[in-house]
1. Condition test on Val50, is it in contact with a Gly (Cβ under 7 Å, 6 or more places away or on another chain), near the ligand (Cβ under 9 Å from one of its atoms) and at pLDDT 95 or above?
2. Answer yes or no as to whether Thr580 is among the polar types (S, T, N, Q) and surrounded by fewer than 22 Cβ atoms within 10 Å (Cβ to Cβ).
3. I'd like the full set of residues that are closer than 15 Å to Asp328 by Cα, part of a loop (DSSP other than H, G, I, E, B) and among the β-branched types (Val, Ile, Thr), limited to the range 270-302.
4. Sort out which residues of the range 343-361 are under 28 Å from Pro441 (Cβ atoms), surrounded by 14 or more Cβ atoms within 10 Å (Cβ to Cβ) and touching a strand residue (DSSP E or B) at 6+ places or on another chain (Cβ under 7 Å), and write them in order of number.
5. Would you check which residues across the range 20-38 are over 15 Å from Leu51 (Cβ atoms) and part of a loop (DSSP other than H, G, I, E, B) and list them?
6. Go through the range 345-387 and report how many residues are among the charged types (D, E, K, R), farther than 28 Å from Pro428 by Cα and not in a helix (DSSP H, G or I).
7. Can you spot a residue in the range 83-99 that is within 16 Å of the ligand (Cβ to nearest atom), in contact (Cβ under 8 Å) with a residue 24 or more places away in the chain and among the small types (Gly, Ala, Ser)?
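The values are calculated or read from the model by the stated rules, or taken from the named source; none is laboratory data. If you're wondering where the values come from, they're calculated on a predicted model, not measured in any experiment. FYI the Cβ positions are ideal-geometry reconstructions off the backbone, even for glycines, and counts take in every protein chain you see.
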Amino acid sequence: MSAGLAPGARVVKGACPHDCPDTCALEVLVEDGVAVKVSGAADHPPTAGVLCTKVARYTERTYHPDRLLHPLRRVGRKGEGRFERIGWDQAIEEIAARLKPLAAGNPEQIVPYSYAGTMGLVQGESMAQRFFHKLGASLLERTICASAGSAGHALTLGSRIGVDVEVADQAKLIVFWGSNAITSSVHFWARAQAAKRAGATLVAIDPYRSLTAEKCHVHVALLPGTDGALALGLMHVLIRDGLIDRDYVGRHTLGFEALAERAAAYDPVRVAGICGVPPEQIESLARLYGTIRPSLIRVNYGMQRAHGGGMATRNIACLPALVGAFRDAAGGVFLSTSGNFAVDEAALTRPDLLAGRRPRTVNMTTIGAALEAADPPIRALIVYNSNPVAVAPDSARVARGFAREDLFTVVLEHFLTDTADHADIVLPATTQLEHLDVVKPYGHYYMVANNPAIRPLGESLPNTEIFRRLAGAMGFSEACFADSDEAIARAAMRGDWDFDAVRRVGWRRVGPPAGTARFAQGGFDTPSGKVEFVSARAQALGLDPLPDYVAPYEDTRSPLAARYPLAMISPPARHFLNSTFVNVRSLRAVEGEPRLDIHPADAARRGIGEGAWVRVFNDRGSLRLRARVTERARPGVVVALSVWWKKLTPDGRNANELTSGEALTDLGHAPTFYDCLVEVEAL
Ligand code: SF4
């Protein structure tokens, strides 16, 4: 027991499991077996004692009256959400009885569907993947969030080893590019504020005047999906005006002359026409970027959710090399730090259990189409750590697929989400307070351990145990299916890794000491070891080897814009994390109701007043939202903060009613959520 605690109380060290770069170290105060408070660890440098408003209410979510506490079997129609309670043995036997004939015929008829509902390496893809590998089920291409940006970044710089957040406050220029850090990376924002207090200039590049953008010195409100052109425009000015670090470029980059020729075609006037911003703003931003050091670009995944998202990230990743920003510890580009960690994927997921089989791959982004037309047809879906009926694009089509009567669906969940409502069997999963895990961050340099703080609620079980039991029922006898969660955590990392020590301390820093300028002398993880302005790998993929601009599919300058003139984006609402937390009453109360932010000029043209109900529509669908007439939305762009549970909206729909489930990004096969033209009318 820690000093100062009441008898029967203790503090347990944990890790936030959510899809957020900050991966906070948690301290869970437990009194008489009940978690009463979740706080941020004060001595974990990135967390610094602070949690976001969402996870600060984690006990409200854990002890939510709607928490699933028992296995359930469907008794109503799919989507209706009517179930009866069954026992674990019955649930596992029924699932195995449905899967066995499918596996005996063609196991590819079985598809796992999962993402980052937990970022934990143990409860994420360890025992689950072992199960599906042994089964020979279809493989899932996990593209829903980050794959376009990751692929673009990889072509230019290699692995994602972003700037260490612990030195971000030393930067003198911070550019938030497609990043609303106040909502989605609050600890980085705290460092940026410290930098601002020390005199740094903050810039936001975002179609929306987000909470972050309004607190920056400069806001470039470009049109969605045009970021790649803006990056080329900046290169144009930097090169034209001699604002580049010739020594760094000469030593540590590949293909400068070809890049300069390409960038010459993107003068500020042309780029201004593409991006919908004044050419003078491009000129002045380039001058800032070319004259201030250390300069840090905090690029986030928001800007890669359009056709050219991969290329745009590739282009942005070129900028720090041009100006020599990589010379500084606080300089460079920061998409993610996930490349910093040597996770032992093979030990966790055991691909050897495929035993030479090469199952087909199903892209999670196009699940709506796959449920209609995959060959062989998808006959069983097992969903964990994800809520595709709410978060996948072209939502109506996804819901139709999940409603197929001939589809057998199992959902592991904490709540009856939009997806769980479509399940044949729902299995209650534990939350982070109830199981063991270790979390790899993508926003700092520390692995963070999670110790169970309380006993599982009701009959809920960790994902690992659920897949252990399923493996037993399927007759899988390999020893790895008996591995404990501790054994999995101990095997999670290659090299020097002592999980037992990490779980005692709570975290462990990986990589060089804070303050190291990792790329000051080059050493990039690309084939040439340099920043690749010209990429032979891109060429081998049949792509342009040089940075270029890839326009949105649904360009505001295209013929489609005559019918649908407004570009809609649907970034995260501050009190939700993707679709997690939407059912937490206090958080939903702050968000109010699903709304559409629309510029006063666009609203006036359509006779839309503040607070009016509007219909937002395109060829894929329509939904009803409450208009908020505001200059936060730039002219020509409307913003539907997301991701609402469909069943918690007035018309049972969310913004994904309008997004495309087929149009994929140029790299990474990812969704194009923010490449979406719509029209709006008053109701
Ligand atoms: S969601 Fe992000 S900021 Fe909030 S507690 Fe988790 S890691 Fe920290």
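1. Values: in contact with a Gly (Cβ under 7 Å, 6 or more places away or on another chain): yes; near the ligand (Cβ under 9 Å from one of its atoms): yes; at pLDDT 95 or above: yes.
Taking the combined requirement at face value, the residue satisfies it.
2. Numbers: among the polar types (S, T, N, Q): yes; surrounded by fewer than 22 Cβ atoms within 10 Å (Cβ to Cβ): no.
Against the criterion (among the polar types (S, T, N, Q) and surrounded by fewer than 22 Cβ atoms within 10 Å (Cβ to Cβ)), Thr580 does not qualify.
3. Passing the criteria: only Ile292.
4. The answer is Val343, Asp344.
5. Across the range 20-38, the qualifying residues are Asp32, Gly33.
6. Final tally of qualifying residues: 4.
7. Initially, the range 83-99 is screened for residues within 16 Å of the ligand (Cβ to nearest atom), giving none.
No, because not a single residue in the range 83-99 is within 16 Å of the ligand (Cβ to nearest atom), in contact (Cβ under 8 Å) with a residue 24 or more places away in the chain and among the small types (Gly, Ala, Ser).
Residues checked against (1) under 22 Å from Phe132 (Cβ atoms); (2) touching a Leu at 6+ places or on another chain (Cβ under 9 Å); (3) part of a helix (DSSP H, G or I); (4) touching a residue at least 40 places away in the same chain (Cβ under 8 Å):
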residue: Leu470; (1), (2), (3), (4): yes, yes, yes, yes
residue: Ala501; (1), (2), (3), (4): no, no, yes, no
residue: Asp548; (1), (2), (3), (4): no, yes, no, yes
residue: Tyr553; (1), (2), (3), (4): no, yes, no, yes
